[in-house]
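Asker: Have a look at this one before I ask anything.
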Amino acid sequence: NGFYLKNSEVLNRLHNINHLVFDKTGTLTRQDTITVNWTGDDLSFSEKLAIASIAKNAQHPLAKPLLNFMEMDAAEASLALDFTEASGEGVSAKTTEHFYRLGKASFLGLQDNAKTTAVYVEKDGETLGYFSFFQKTREETAEVLGSLSSKYPISLLSGDNDAEKRRFEEILGQKAKLMFNQSPHQKLQYLKQLQLQNKKVLMIGDGLNDAGALQQSEVGISLCEKNINFFPASDALLLAESFGKLDKFVKLSHLNKRVIKQAFALSFTYNIAGLTFAVAGILSPLVCAILMPVSSITVVIFTTVANRRWCQQLLSANA
């Protein structure tokens, strides 16, 4: 079903979470349907080549749609020299005789005039313009968050500007807390504040820019596209195509706990019954020796069948 856990302990922690935190770009929005526009000076071929080559080195989820928009087959990551990246903020590099910086307006010390998410471009200290990105939300976002928000408080943390705040308020509801222009460090600090309030946090992000927050949370889930080439350190990986089942996976952690309790009850009943017969002298030691491993096998079969039944029933209902 496209949900991969680091170990079985993740299920126990997932059962105890009581606050959800989502990243926006690449998590609630789709990378393959982002519309890109350029506002600014006409770019020469060498400038386009330089920008595309720098973007090839970047780990931010907006780098790929930017490359698709540039359509520069000649771009090579090796053409960007002295490349540096401030996670969630911007990148800089030298190409031939010029120095470029790409990133948020605050990264370049500019006022943000874009009406949506934007990446500004600076060449040798001169601003050339900016790329604006309109991000479509995943088709399942409203349904999944609607289901989860009825059970958990939700926060949205985004490194983008607040141009799309109203759109996500409609999706998440008025009770959700939306925070924009958040650096990776600020996201990490926000999670620490929640945990100081005895919150058990589930963090869902897209990887590198959320690495600190993913590791800080009780359960960190990385949303991965099929062609991903970077696997962040997190407790679980969720394929993007399975995002619509996220609320089902959370619910399954509760059902798993119920099955465990039922298995204990079955084992307890089995042993009490066996003990009663044994004390009464009805069962021989040989029969008891046979029944004891049968008890263990019964519990294993019960948990396997019960978990499989719940999974099939719950996940098939969302198919």
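The values are calculated or read from the model by the stated rules, or taken from the named source; none is laboratory data. In this text, all values refer to a predicted model and were calculated from it rather than measured experimentally. All Cβ positions, glycine included, derive from the backbone under ideal geometry; neighbour counts span all protein chains shown. Just so you know, the surface numbers come from the protein's heavy atoms only, side chains and all, with ligands and any DNA or RNA stripped out. Shrake-Rupley method; radii C 1.70, N 1.55, O 1.52, S 1.80 Å.
Asker: Using a Gaussian network model on the chain with a 10 Å cutoff between Cα atoms, which of 75, 63, 289 fluctuates the most?
Answerer: Comparing 75, 63, 289 in the GNM, the peak value goes to 289.
Asker: Quick check on the chain: helices-only [θ] at 222 nm, where DSSP H runs of length 4 and up contribute -39,500 (n - 2.57) each and the sum goes over total residues. Nearest 500, please.
Answerer: -13000 deg cm²/dmol
Asker: Calculated FRET efficiency, residue 165 and residue 254, Cβ-Cβ r, R0 51 Å, to nearest 0.05?
Answerer: 0.95
Asker: OK, next. What order do you get for 16-26, 181-191 when each peptide is scored by the mean count of other beta carbon atoms within 10 Å, highest first?
Answerer: With the highest mean Cβ count within 10 Å placed first, the list reads 16-26, 181-191.
Asker: With every protein chain kept in the model, how would you rank 269, 141 by accessible area, 1.4 Å probe, largest at the top?
Answerer: The ordering from most to least exposed comes out as 269, 141.
Asker: Within 15 Å, Cβ to Cβ, of residue 213, how many net charges do the neighbouring residues add up to if Lys/Arg are +1 and Asp/Glu are -1?
Answerer: +1
Asker: Around residue 13, with a cut-off of 9 angstrom between Cβ atoms, what is the net charge of the other residues, counting Lys and Arg +1 and Asp and Glu -1?
Answerer: Residues close to residue 13 contribute a combined charge of -2.
Asker: Multiply the residue gap between residue 3 and residue 71 by 0.36 nm, knock off their C-alpha separation, and tell me the result in nm, one decimal place.
Answerer: 21.1 nm
Asker: Accessible area, 1.4 Å probe, largest first: how do 149, 53 sort?
Answerer: Highest to lowest solvent-accessible surface, that is 149, 53.
Asker: Could you work out the relative contact order of region 178-301? I mean the mean sequence separation of Cα pairs under 8 Å and 6+ apart, divided by the number of residues, in percent.
Answerer: Computed value for region 178-301: 14 percent relative contact order.
Asker: In percent, how large is the relative contact order of region 15-116, given Cα pairs closer than 8 Å and 6 or more residues apart?
Answerer: This gives 19 percent for region 15-116.
Asker: Here's something else I'd like to know. On the first, second and third principal axes, largest extent first, how far apart are the outermost C-alpha atoms of region 1-69 in Å?
Answerer: Per principal axis, max minus min of the Cα coordinates gives 56, 20, 20 Å.
Asker: Here's another thing I want to ask about it. Starting from the Cα of residue 175, step 7 Å along the direction of its Cβ; do the same at residue 46; then give the gap between the two resulting points in nm.
Answerer: Reported label-point gap for residue 175 and residue 46 is 5.9 nm.
Asker: By average Cβ neighbour count within 10 Å, what is the ranking of 216-222, 151-157 from highest down?
Answerer: With the highest mean Cβ count within 10 Å placed first, the list reads 216-222, 151-157.
Asker: Now a separate question. Sort the following peptides by mean Cβ neighbour count (other Cβ atoms within 10 Å, averaged over residues), highest first: 250-263, 1-14.
Answerer: Descending packing order for the listed peptides: 250-263, 1-14.
Asker: Give the cross-link partners of residue 245 among the lysines, using a straight C-alpha distance below 22 Å as the criterion and excluding same-chain residues fewer than 8 apart.
Answerer: Straight-line reach from residue 245, under 22 Å: 6, 24, 136, 151, 200, 226, 257.
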